[in-house]
Amino acid sequence: MKIVEIVEPLPQRKAPGWWPTVRRDLRRNKHIYLMLLPVVVYYLVFHYGPMYGAVIAFQDFNPVKGVFGSKWVGLQNFQDFFSSVFFGRLIFNTVAISVLEIVFGFPAPIILALLINELRANPFRRLVQTVTYLPHFISVVVIVGMLFDFFARDGVANQLLSLSDPIAFMQSPEWFRQLFVGSGIWQQVGWGSIVYLAAIATIDSALYEAAKVDGANRFRQIWHITIPGILPTIVILLILRLGSVMSVGYEKIILMYNPLTYETADVISTYVFRRGVLQADFSFSAAVGLFNSVINFALLIGANRLSRRLTGSGLW
Amino acid sequence: MREGPGERLFAIGNVAFLTVLMIVMVYPLLFVLFASLSNANELTQHRGLLFAPIDFTLEAYRRVLQNPLILSGYRNTLFIVIVGTTLNVFMTALGAYALSRRNVLFKNPIMFFIVFTMFFSGGLIPSYLLVGQTLHMQDTLWALIIPGAMSTLNLIIMRTAFNAVPVSLEEAARMDGANDWTILFRIVIPLSWPVVAVMILFYGVGHWNAFFSALVYLRDRDLYPLQLVLREILISSNVQNMTTDVASGDVLAIGETIKYATIIVATAPILFVYPYLQRYFVKGVTIGAIKE
């Protein structure tokens with residue numbers, strides 16, 4: 001019986017109506033659909049549920065009355081956000097952090113991968129990889145805790161600088177971005193290099209042999225073979241990164257910032273967190289969050305289209 | 001192949017640079033380790049870098065390990081890591097297996113349904129209201145486990161790995177009367193073990209390091225996972241319950257070493273398992289980068 005089931009071919013000619021096809025598929029793949037059931041329920045509840053819940057952005061949501069009983073206010077919450085004094089600052093801070101991350105954080109793992117690739121001694125190469133991947137696994141709470149400690153007024157950084165007037169790094173808005181982006185690069189540069197090292201590994205070694213025969217030295221090999229070889233990877237990752245310029249995560253910032261540094265540290269997602277979770281201003285913060293989701297979605301679609309045009313491939 | 005002087009200089013410079021980079025990566029943790037093992041009062045007198053503990057003592061560790069909040073934090077985190085990771089890997093494997101089969105009529109629509117959530121989300125606040133209020137998970141550890149039952153990126157990675165399992169093995173098993181569950185657990189998962197190990201690592205470390213859901217959903221301090229306890233100690237500098245027997249003038253000094261010791265206590269388990277799992281995870285990352 002079971003043998004018959006798998007040998008049974010897919011319908012070649014058009015079946016009379018869709019139901020027999022569906023019924024046959026459901027019977028043949030009943031275990032498959034049983035496996036998919038919890039997965040689909042999970043996505044429905046925890047991903048599509050909040051998408052539906054986002055309608056509170058158009059309401060004056062009252063938790064007691066629920067989504068169905070609350071008053072509809074149209075675009076009022078969005079208008080309030082666009083006309084608030086925070087709007088410009090939040091957009092600017094979000095983009096500023098993203099731009100710094102792209103300018104300094106994006107090339108760093110590429111350069112690291114190129115340097116690691118030039119190492120011939122294998123034990124040393126493995127050591128470099130082991131050590132540089134490690135910070136990726138350290139929790140953000142510990143990273144920020146170390147920042148608070150090292151960059152305190154009496155911390156190691158100030159002791160080494162030994163200025164007459166120590167800098168209160170963590171309380172200064174002008175230092176926030178450097179510390180945030182810098183510590184991010186420190187934590188992720190090694191991990192980020194993995195994907196480039198993998199791309200380098202797929203380059204045909206015959207190309208290097210041919211280049212050597214032609215008398216190309218290491219620098220010319222890097223410039224003419226390695227970099228062009230990983231360029232498609234670089235372009236795709238860069239474009240996707242550009243698609244997320246408007247999303248800066250809140251997790252690290254809410255640990256790092258304080259009212260003294262809001263001026264440069266407060267981004268859209270942290271503002272949503274404060275207004276929504278801390279101040280229970282649900283509809284307004286849901287509107288800000290939805291605005292951000294829509295922008296991110298549009299940017300990503302744009303970035304993907306750009307990627308397809310430039311490299312012939314994208315995310316979909 | 002002979003190398004020119006420029007190339008030899010580059011090779012030496014490269015090794016030197018990467019050595020310095022490794023020191024930059026490791027030294028902050030070494031500093032914390034040395035400081036945690038130092039005498040509190042002498043540490044506050046010390047200026048600049050540390051290259052060994054000053055007047056070695058385990059005092060700070062003694063205080064940290066006697067802190068009931070650290071112990072309950074460890075217990076809660078272990079529960080979340082074990083239960084959460086088991087659920088994660090189970091759900092991800094189910095989805096990855098089902099979506100890697102051929103001849104499943106609704107496979108592509110379901111895949112789209114899932115992948116779409118990577119690109120668009122309802123946002124933090126609707127999720128918060130759903131989990132905390134509609135589903136009443138506020139003040140339970142389930143709020144930290146169930147809403148993150150699986151990650152779409154990991155699903156894609158695992159599906160790619162499952163796709164690579166030879167179809168002939170599956171067909172042979174089916175001839176012997178195996179159903180999909182047997183094939184998944186007896187054939188596909190064992191054959192994809194390196195990637196499954198990476199998933200365990202990614203999910204496990206993710207649970208170990210997570211703090212945000214706990215911050216948002218938990219009020220009861222007995223339920224705090226380790227990272228939330230850490231946050232109080234490191235960032236809010238709350239060390240009161242570990243310094244009750246200390247003269248008030250010394251609280252600040254001992255508080256510093258307690259912070260360092262807490263970092264080590266919370267990070268050590270990851271540092272211990274890291275070398276054993278390292279050989280697996282490069283594979284996981286690169287599989288994730290392969291496009292369909």
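Condition check ((1) surrounded by 18 or more Cβ atoms within 10 Å (Cβ to Cβ); (2) touching a helix residue (DSSP H, G or I) at 6+ places or on another chain (Cβ under 6 Å); (3) not in a helix (DSSP H, G or I)) across all residues:
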{"residue": "B:Ile183", "(1), (2), (3)": "yes, yes, no"}
{"residue": "B:Gly204", "(1), (2), (3)": "yes, yes, no"}
{"residue": "B:Gln227", "(1), (2), (3)": "yes, yes, no"}
{"residue": "B:Arg231", "(1), (2), (3)": "yes, yes, no"}
{"residue": "B:Asn238", "(1), (2), (3)": "no, yes, yes"}
{"residue": "B:Val251", "(1), (2), (3)": "no, no, no"}
{"residue": "B:Ile258", "(1), (2), (3)": "yes, yes, no"}
{"residue": "B:Ile263", "(1), (2), (3)": "yes, yes, no"}
{"residue": "B:Pro269", "(1), (2), (3)": "no, no, no"}
message = Condition (residue is among the charged types (D, E, K, R) and closer than 30 Å to A:Ile236 by Cα) applied to the range A:102-119: is it met by at least one residue?
response = yes
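Criterion first (among the hydroxyl-bearing types (Ser, Thr, Tyr), without any contact (Cβ under 8 Å) to a residue 24 or more places away in the chain and more than 9 Å from chain A (Cβ to nearest Cβ)) does B:Thr77 satisfy it?
On the way: among the hydroxyl-bearing types (Ser, Thr, Tyr): yes; without any contact (Cβ under 8 Å) to a residue 24 or more places away in the chain: no; more than 9 Å from chain A (Cβ to nearest Cβ): yes.
Against the criterion (among the hydroxyl-bearing types (Ser, Thr, Tyr), without any contact (Cβ under 8 Å) to a residue 24 or more places away in the chain and more than 9 Å from chain A (Cβ to nearest Cβ)), B:Thr77 does not qualify.
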request  = For A:Glu209, work out the one condition from (1) outside any helix (DSSP H, G or I); (2) without any contact (Cβ under 8 Å) to a residue 24 or more places away in the chain it doesn't fulfil.
outcome  = (1)
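Considering B:Asn103, B:Asn108, which residue is surrounded by fewer than 18 Cβ atoms within 10 Å (Cβ to Cβ) and either aromatic (Phe, Trp, Tyr) or part of a loop (DSSP other than H, G, I, E, B) (or both)? Please lay out each step first, then the result.
On the way: B:Asn108 fails: either aromatic (Phe, Trp, Tyr) or part of a loop (DSSP other than H, G, I, E, B) (or both).
Exactly one of B:Asn103, B:Asn108 is surrounded by fewer than 18 Cβ atoms within 10 Å (Cβ to Cβ) and either aromatic (Phe, Trp, Tyr) or part of a loop (DSSP other than H, G, I, E, B) (or both), namely B:Asn103.
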message = Can you tell me which condition A:Leu278 does not meet? The list is (1) within 10 Å of chain B (Cβ to nearest Cβ); (2) without any contact (Cβ under 8 Å) to a residue 12 or more places away in the chain; (3) surrounded by 15 or more Cβ atoms within 10 Å (Cβ to Cβ), and all the others hold.
response = (3)
inquiry  = Condition first: hydrophobic (A, V, I, L, M, F, W, C), within 23 Å of the chain's Cα centre (by Cα) and surrounded by 17 or more Cβ atoms within 10 Å (Cβ to Cβ). Can you find one or more residues in the range A:147-154 that meet it?
reply    = yes
Residue check for B:Leu18: under 22 Å from B:Val251 (Cβ atoms), more than 25 Å from the chain's Cα centre (by Cα), part of a helix (DSSP H, G or I) and within 12 Å of chain A (Cβ to nearest Cβ) = no
Cβ-Cβ under 9 Å pairs, at least 6 apart or on other chains, the range A:27-56 side facing chain B (nearest Cβ under 7 Å) and outside any helix (DSSP H, G or I), far side buried (at least 18 other Cβ atoms within 10 Å of the Cβ) and of a type in the set (Gly, Ala, Ser) = A:Asn29/B:Ala98
remark   = Here the residues within the range B:132-162 that are farther than 30 Å from A:Gly66 by Cα and surrounded by fewer than 17 Cβ atoms within 10 Å (Cβ to Cβ) are B:Leu153
Residues satisfying the stated conditions in the range A:112-130, i.e. hydrophobic (A, V, I, L, M, F, W, C) and more than 10 Å from every other protein chain (Cβ to nearest Cβ) = A:Ala113
task = Inspect all residues belonging to the range B:41-54 and state whether any of them is touching a residue at least 40 places away in the same chain (Cβ under 8 Å) and within 12 Å of chain A (Cβ to nearest Cβ).
result = yes
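Since every read-out is calculated from the coordinates, none of them should be taken as a lab result. Just so it is clear, the model here is predicted, and its values are computed rather than measured. Heads up, the Cβs are rebuilt from the backbone with ideal geometry, glycines too, and the neighbour counts pull from every protein chain shown.
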